[in-house]
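The values are calculated or read from the model by the stated rules, or taken from the named source; none is laboratory data. Note that this is a predicted model, so its numbers are computed, not measured. Quick reminder, even Gly has a Cβ in these numbers, built from the backbone with ideal geometry, and neighbours come from all protein chains shown. These accessible areas exclude ligands, DNA and RNA; they are computed on the full protein's heavy atoms, side chains included. Shrake-Rupley method; radii C 1.70, N 1.55, O 1.52, S 1.80 Å.
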Amino acid sequence: MAPDLLAGRVAWITGGGTGLGRAMALRFASLGGKIALCGRRQEPLDETAQTIRDAGGEAAVATCDVRDPDAVQAVLESLVEQLGPIDILVNNAAGNFLCPSEELSPNGFDAVVRIVLHGTFHCTRAAGRHWIETKRPGSVLNIAATYWNTGSGFVLASACAKAGVVALTRSLAVEWARHGIRLNAIAPGPIPTEGAFSRLMPSDAMLESRRRKIPAQRFGTPEELADLAAFVVSDAGSWMRGEVVTFDGGEWLRGAGEFNDLLELPPETWEALRKGAGG
Ligand code: COA
């Protein structure tokens, strides 16, 4: 990637103090971007910003809960004051946990949907109004999940919210194109981060069985996701509109193909099948 791919671009990354948000912040900064971070907790935001500054980059932080539209608006204004107008928004902040759906409380469903879907709307609306008012182009990247279109048991609220995030991405990719605003999404498969794996992959057995089912035979890395994200938000991706890039080592297709479980058949069973013994 060109080392100045994001030179001078101000990128607002929600949930940018930890995990995938932090990885994107560091990568965008290494490509010349100025990084505007927000999240609920001051400490990880400060740590990420300091890492960027120590490497010679520029970063600003502001705390908010993306569920609160007034706080989101205040954060946007503070970040613009610190770094100048925003060029890029990454809606990365998320909430998720495993839970049998019959045990999921209304408040639990609400918490996840309000972070993931409403939070994405609040930030996108604030950035979109900022771009339309100042007649500046903008690029939005939303982080979905591979189950956005299949649904998934045990993460019902997240599945509902991520489907909504893709609907938002595609709706506004068309509606706001006339304002020079692009929206795209990445649907990542499992990428180890403390926040996600402590909630979604709580045992070693679970970890190993998931890993084995990924055609690439490994989990993704935050750095790989950050590279893809940099391409999508940069001018190099300017013809991508309303796209959802699946990024999962082939895991989604592995689960979808009708006969893919035959990967687990031992050679002797194949031999028996070939001889017409019916396995
Ligand atoms: N299983 C079942 N219900 C759960 C739960 C779990 N593991 N974790 C939280 N809930 C429920 C709570 O019981 C509560 O419902 P109740 O009032 O009916 O009891 C509701 O969810 C809200 O919980 P609370 O902890 O008050 O919410 P919060 O707003 O402080 O936190 C969460 C939001 C729940 C999404 C929390 O996990 C979080 O902050 N996550 C952010 C980081 C994250 O999830 N990263 C992973 C991204 S993949």
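Measure off 7 Å from each Cα along the Cα-to-Cβ vector at Gln50 and Asp261, then give the distance between these two points in nanometres to one decimal.
5.2 nm
Given a 1.4 Å probe, how much area per residue of the chain is accessible, in Å²?
49 Å²
Which value at 222 nm does the chain reach when only helices count, each DSSP H run of 4 or more adding -39,500 (n - 2.57), with the total divided by all residues and rounded to the nearest 500 deg cm²/dmol?
My calculation for the chain gives -14000 deg cm²/dmol from helical runs alone.
Would you mind calculating the gained length between Asp68 and Ser152 on full extension (0.36 nm times residue separation, minus the Cα-Cα distance), in nm to one decimal?
27.5 nm
How much length is gained if the chain between Gln82 and Arg129 is pulled fully straight, taking 0.36 nm per residue apart and subtracting their Cα-Cα distance, in nm to one decimal?
Separation in residues times 0.36 nm, less the Cα-Cα distance, equals 15.1 nm.
For segment 214-253 and segment 114-193, compute the distance between their C-alpha centroids and round to whole Å.
First find each Cα centre; the distance between them is then 15 Å.
Test of understanding: extend the Cα→C-beta vector of Cys160 to 7 Å, then name every residue of segment 53-96 with backbone N under 18 Å from that spot.
Only 67, 94-96 pass the distance filter.
Pop the C-beta distance of Ser209 and Ala111 into the FRET formula with R0 = 25 Å and round what comes out to the nearest 0.05.
Here the calculated transfer efficiency is 0.35.
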